[in-house]
Every structure is written in C-alpha cells, then in structure tokens.
Amino acid sequence: MSILENIARVKTEIAEAAKVAGKDPEEIQLIAVSKTVEPARILEAQEAGLTTFGENRVQEALGKQEVLEDLNWHLIGQLQTNKVRQVVGKFQLIHSLDRLRLAKELDRRSKEQGITTEVLVQVNVGEEESKGGVAPEDALAFIEELRSFKQLKVMGLMTIPPFFEDPQAARPYFAKLRELFQKVAAQGWPEVEMKWLSMGMSADFQVAIEEGANMVRVGTGIFGSRPR
Ligand SMILES: *Cc1c(COP(=O)(O)O)cnc(C)c1O
C-alpha cells in the first residue's frame, strides 16, 4: 500500500471512530509519526495533505527540519534534560513532560528565548517500569506545580498504554486518561488548557478516539513497518 492509500484508510478509520464518539472527524488531530522515515517519504505524506509530524529522537528530528519546510513538528519521545536547549523553539508541542527537573529546564530555556513552550503531561497509565510518564495518582499534583512555570503552557495529556495483542484490552487505560483529563479540566486553573488528549497509535487509535482522544499518533499505519 502506498503512503497515499494508507493516509486515506487511516482518515476513514478516524472518521468512523469519531462518529462513535459523537465527534466531528475534523476535531481529531492526526500526527504522522515519522521516526526512521526519510525526508522523501515525509514529503509524500505532506503532499497527501498531512501537516504535523511526530519524532522521538531530537537529533533525527532537527536534521529533518533542516531539509523539510512548512511542517509542524511534535516531540513525542522521552526528552533528556541535557537536550532541552536544542528542543526549545523547534517543536510546536512536546508530548512527554513527566518530571519537575525537565519542566524547570524547559521553562528556563524558553525564558532565554522569550517564548512559551506548549507541552503535554505524559501519564504512565499502566504504571510500567519501562515507560516514561508520571503515575496517574501523582498527575494532578504535578500539573498543579507546573502552573508556576510562566514559560510553559500545559495543553493536555498524553499516554502510551501497555501493549496488548487485542487493542480492545487497552480501552480501560484510555478511559482512565480521559477521566484524569476531565478532572484536571474541572480544576479551572487559568494557566492550564486541557485541549489535547494524545492517545492511540496505529494498532489502537480507533479505540482511543472512542474513549475521547482528539490527537492520535500514527506511524506504521501511514509509513509501513519500521526497520528494527
Ligand atoms: C513510535 C511511536 C508512535 C507510533 O507508533 P505506531 O505503532 O508506528 O503507530 C506513537 N507514539 C509514540 C510515543 C511513539 O514513540
């Protein structure tokens, strides 16, 4: 299947799931995950109408930004504090804020540049050792602390649930993040905007949308399988 055909199929599936969730498909933001994908193929996706690309390695992403124009870039992978300086100002959204030290550094470097950095708080809904993210029970207090960082704007939540063969098995984890999202929104904190609920990847984005996701991160479903 070509990238063009893949995108058409993914969009159809997004629309189906949006309908189940009672949403307009236009409300669902599709992030094309382009890690390991070379610029020529990203260009194909751009020509097919996609505008926003997700990367999880800083160096790789910055290299692509130099050769590709007019795209929005999201950082979706774990971010090391020592890479923050390179990242600030280069990504429209960072999906993986999960610790105070990282918040401090993002805030400090954003201030240096005189900009606001938009972030999502990553939550480890499955409480897995191997994954980044704050524990669900700590998320509310963490976000409350983030309110004091004037150069950061919390725009929502992100998660990567545990892996299951059957995507339906991830449903309770997606529901859990949506509940947390609503709980944060209900605080009415003026510094925090609960706009994006980033959850769902190639195998399970339909389930995620049904449970409230309005931002999905799809890699293999668009570009095919990645080299190991
Ligand atoms: C790689 C990656 C994705 C995309 O995964 P696919 O299964 O290829 O769709 C989504 N989110 C994150 C954080 C990733 O690292």
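How much net charge surrounds GLU144 when only other residues with a Cβ under 14 Å from its Cβ are counted (Lys, Arg +1; Asp, Glu -1)? Taking every other residue near GLU144 into account, the sum is -2. Largest GNM mean-square fluctuation among ALA208, ALA21, ALA141, using the chain with Cα springs under 10 Å: ALA141. Distance between the C-alpha centres of the stretch 125-159 and the stretch 24-67: 25 Å, rounded to the whole angstrom.
Other residues whose C-beta falls under 9 angstrom from the C-beta of ALA61 contribute a net charge of +2, scoring Lys and Arg +1 and Asp and Glu -1.
Each Lys and Arg adds +1 at its Cβ and each Asp and Glu adds -1 at its Cβ; summed about the Cα centre, the chain shows a dipole of about 640 debye.
When peptides 119-132, 39-52 are sorted by average Cβ neighbour count within 10 Å, with the highest value leading, the order is 119-132, 39-52. In this structure, the amide hydrogen of LYS35, modeled 1.01 Å from its nitrogen in the peptide plane, lies closer than 5 angstrom to those of ASN56, counting only residues at least 5 positions away or on a different chain. Ranking of MET1, MET194 by neighbouring Cβ atoms within 10 Å, starting from the fewest: MET1, MET194.
For the stretch 3-121, the pair-distance distribution built from all alpha carbon pairs, in bins 5 Å wide starting at 0, is 2, 11, 20, 19, 17, 14, 10, 7, 1 percent. For the residue pairs LYS35/LYS64; LYS111/LYS153; LYS104/LYS150; LYS90/LYS183; LYS23/LYS195; LYS131/LYS176, the C-alpha atoms sit more than 20 angstrom apart in LYS90/LYS183.
Each Lys or Arg adds one and each Asp or Glu subtracts one; over the other residues with Cβ under 11 Å from the Cβ of GLU118, this totals +1. Short to long, the 5 Å bins of the Cα pair-distance histogram for the chain hold 1, 7, 15, 19, 20, 18, 12, 7, 1, 0 percent of all pairs.
Readers should treat all values here as calculations from the given coordinates under stated rules, not as data from a laboratory. Note that the structure is a prediction, hence the values are computed from the model and not measured. With ideal geometry, Cβ positions are generated from the backbone for all residues, glycine too; neighbour counts draw on all protein chains shown.
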